[in-house]
1. If only one of Ala275, Ala283 is within 27 Å of the chain's Cα centre (by Cα), free of Cβ contacts under 8 Å to residues at least 40 places away in the same chain and over 15 Å from Gly346 (Cα atoms), which one is it?
2. Among the residues that make up the range 426-434, is at least one of them over 22 Å from Val196 (Cα atoms) and either modelled with pLDDT of 95 or more or not basic (Lys, Arg) (or both)?
3. So which of Asn350, Asn396, Asn344 is within 17 Å of Val270 (Cβ to Cβ) and either modelled with pLDDT under 95 or open to solvent by less than 10 Å² (accessible area, probe 1.4 Å) (or both)?
4. If Val261 meets every condition in (1) more than 15 Å from the ligand (Cβ to nearest atom); (2) among the hydrophobic types (A, V, I, L, M, F, W, C); (3) open to solvent by 40 Å² or more (accessible area, probe 1.4 Å) apart from one, which number is that one?
5. Would you confirm whether any residue within the range 113-130 is open to solvent by 20 Å² or more (accessible area, probe 1.4 Å), under 24 Å from Val417 (Cβ atoms) and not β-branched (Val, Ile, Thr)?
6. Step by step: first the residues of the range 280-303, then only those that are within 11 Å of the ligand (Cβ to nearest atom) and part of a helix (DSSP H, G or I), then the one that is least open to solvent (accessible area, probe 1.4 Å). Which residue is that?
7. Considering only residues that are among the aliphatic types (A, V, I, L, M) and part of a loop (DSSP other than H, G, I, E, B), look in the range 430-479 and name the one that is surrounded by the most Cβ atoms within 10 Å (Cβ to Cβ).
Amino acid sequence: TRGGLEFAVADLEAAEFGRKEIRLAEHEMPGLMALRREYSEVYPLRGARIAGSLHMTVQTAVLIETLVALGAEVRWASCNIFSTQDHAAAAVVVGPHGTAEEPKGVPVFAWKGETLEEYWWCTERMLTWEGEGPNMILDDGGDATMLVHKGTEYEKAGVVPSADEEDPEEWKVFLELLRASVAADKGKWTAVGQSVKGVTEETTTGVLRLYQLAAAGELLFPAINVNDSVTKSKFDNRYGIRHSLIDGINRGTDVLIGGKVAVVCGYGDVGKGAAESLRGQGARVIITEIDPICALQAMMDGYEVKRLETVLDEGDIYVTTTGNKNVVMVEHMARMKHQAIVGNIGHFDNELDMAGLARYPGVRRVNIKPQVDEWVFPDGKSILVLSEGRLLNLGNATGHPSFVMSNSFANQVIAQVELFTKTEEYDKEVYRLPKKLDEKVARIHLEALGGELTKLSKEQAEYIDVDVEGPFKSEHYRY
Ligand code: NAI
């Protein structure tokens, strides 16, 4: 605590650098800045107490300060142990008008290189408010939402279960934290679950968890699926990855990508961006898929589609983009070429069998630099694993650039305003934003890039059965 503000970041002195980068990012985030202007006298988020769990980067700093500009009180944590940019975290704590001695910004609990224990501690602090608890959650991957739901569930059951021996380390650490927090503050999570009016979720993996909760009738509050706004998943997941995947590989390894064979597991939105980014560098790209539609798309786009087992003696670079678990197993890794690069860009690290790798008989881990490890097998052959299997674009580089995040985060802000101001219109279900708002986000960014939109005539609009002002497509249109 300093000047009455609670926070946990690496170094407040980095705030000045952070502020400079935030200033540059604001210009590149026209969606967020337009929302600040639109709501400058309305403060639709006045009274909102937003608990945010999303990669604490420069772009997120602009999101946080937009939420504050709209009247919200905010507390923040990162949703990944490696994704924080420490200067951005410091600048948000200091705020635009504070100093390192007298910070006046937002309580942030995040630094680059947290342990799992620290990660869950930060998430808990972010959800722990003086007086009244948070009444909104802004989530990326669903960890904050899971903490509130599991906390409520175990408080009701009167016991926090013990982890099984084979459970992932992550889950063991999570249950440990929950046990301590439930013992220290009885009924805490039930109260948070009741005070929260809604959650807005950023990513594919978090959205999947929300639909599972809703289907089981266990969702405690309404949710907006921000990921499936077209201006989110068809832009951030694809064009964001196209930019930040090779950024991560370059900063991590500086290996020439041209001429190499890159294997991309998964050809969804993220996989499409990943494949394009590697091909752009001159790699020969091979796709693995389980879905024939996506696999066929990959072939139409000119990639080979193979099984992972078939290409292990060819691949120089492997990237998982599936949002699934156990995609690249240690048995695969042991058969790869010497110094093959292995990384994941999906939300969780369980796409790669990191636990199996650590247990592999005779394997040796040689740390090259932060977020780059060489794993040497007993036969002397090694592989390079980026960010310990966590999303490498945020672990080894700085994630997606501002302009694409402006699309995603404009949807986030609109979704927060929607759920906070129209709570009674929403049930405990998962919703998407109306297409009209999606088109609004696109329009702002199109104009910022100097694109000229053709205007529909009244006759044309009638002919294709849409309104002159949009929405321009039916709900089932796939873009
Ligand atoms: P998606 O559902 O569009 O694509 C995933 C694809 O993987 C699907 O086509 C699916 O058929 C395929 N797949 C599933 N299991 C597979 C397996 N065993 N082998 C091969 N392919 C398999 O999802 P999206 O939007 O592309 O997201 C993927 C992951 O990336 C999610 O975890 C998401 O949260 C994360 N994400 C990460 C970002 C980052 O900055 N690192 C940005 C956006 C999303």
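1. Ala283
2. Checking the range 426-434: at least one residue is over 22 Å from Val196 (Cα atoms) and either modelled with pLDDT of 95 or more or not basic (Lys, Arg) (or both).
3. Details: Asn350 fails: either modelled with pLDDT under 95 or open to solvent by less than 10 Å² (accessible area, probe 1.4 Å) (or both); Asn396 fails: either modelled with pLDDT under 95 or open to solvent by less than 10 Å² (accessible area, probe 1.4 Å) (or both).
One residue alone meets the criteria, Asn344.
4. For Val261, the failing item is (3).
5. The answer is yes; a qualifying residue exists.
6. This residue is Ala298.
7. Once the filter is applied, the top-ranked residue is Leu433.
Per-residue answers, yes or no, for (1) touching an Asp or Glu at 6+ places or on another chain (Cβ under 6 Å); (2) hydroxyl-bearing (Ser, Thr, Tyr):
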site	(1), (2)
Ser387	no, yes
Ser408	yes, yes
Asn411	no, no
Phe472	no, no
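The values are calculated or read from the model by the stated rules, or taken from the named source; none is laboratory data. Note that the structure is predicted; figures quoted are calculated from it, not measured. For neighbour counting, all protein chains shown are included, and Cβ atoms are generated from backbone atoms with ideal geometry for every residue, glycine included. In case anyone asks, the SASA skips ligands and DNA or RNA and just uses the protein heavy atoms, side chains included. Shrake-Rupley method; radii C 1.70, N 1.55, O 1.52, S 1.80 Å.
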